[in-house]
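As structure tokens, the structure follows; a few thoughts come after it.
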Amino acid sequence: MNKAFVREPDDTSAGHCPRCGSLGIAVSAETLAAHLDANALRSLADAAFYCPFPKCEVGYFDQFEQTVAADRILQPAYPKESNAPICNCFGFSRAEIDADVRDGSPRRVRELLARSKSPEAHCTTAAPDGRCCMAEVQRYYLRARGTP
């Protein structure tokens with residue numbers, strides 16, 4: 001049979017939130033263990049995802065559509081909670097980014113960038129998605145400055 005007419009299998013490494021349809025962020029068992037209690041951990045398969053959509057009530061989910069609500073995450077999680085630190089490693093908040101915008105200089109953001117590259121950073125266990133916050137910090141800074 002001609003391969004042009006054979007459908008390739010769907011990519012099963014990516015998961016979409018069963019509630020909002022957002023593309024989830026794959027998280028490690030270490031990340032899950034740092035953010036969920038034992039009961040919530042047992043409700044998910046080994047391969048799980050974080051739902052990054054701020055308004056979705058799902059925090060974590062797996063490919064079997066099992067979910068853990070965002071309000072069951074053990075500490076405040078940005079962007080699910082707008083007042084949560086944008087960087088859990090260092091407690092860096094959106095207010096500090098807003099202050100940089102008002103000051104006209106990204107001094108605090110630059111300091112955070114330097115710290116995020118240090119051994120002090122522990123994103124895998126501090127961030128609910130297990131990833132470094134710098135991309136989100138930079139996005140927020142640019143939006144706050146009014147840069148498209």
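Every number in this text was worked out from the coordinates using simple rules, so none of it is lab data. Being a predicted model, the structure only gives us computed values, none of them experimental. FYI the Cβ positions are ideal-geometry reconstructions off the backbone, even for glycines, and counts take in every protein chain you see.
Overview of results
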{"read-out": "Identity of the residue in segment 117-148, among the hydroxyl-bearing types (S, T, Y) and part of a loop (DSSP other than H, G, I, E, B), that ends up farthest from D103 (Cα to Cα)", "value": "S118"}
{"read-out": "Residues of segment 118-140 satisfying the condition of being touching a helix residue (DSSP H, G or I) at 6+ places or on another chain (Cβ under 9 Å) and farther than 17 Å from A84 by Cβ", "value": "A121, T124, Q138"}
{"read-out": "Some residue of segment 44-65 being surrounded by fewer than 19 Cβ atoms within 10 Å (Cβ to Cβ), in contact (Cβ under 8 Å) with a residue 12 or more places away in the chain and in a helix (DSSP H, G or I)", "value": "no"}
{"read-out": "Within segment 80-111, tally of residues that are free of Cβ contacts under 8 Å to residues at least 40 places away in the same chain and either among the aliphatic types (A, V, I, L, M) or crowded, with 17+ Cβ neighbours inside 10 Å (or both)", "value": "9"}
{"read-out": "Some residue of segment 112-121 being touching a Phe, Trp or Tyr at 6+ places or on another chain (Cβ under 9 Å) and in contact (Cβ under 8 Å) with a residue 40 or more places away in the chain", "value": "no"}
{"read-out": "Count - residues of segment 108-144 that are of a type in the set (D, E, K, R) and farther than 22 Å from S28 by Cα", "value": "6"}
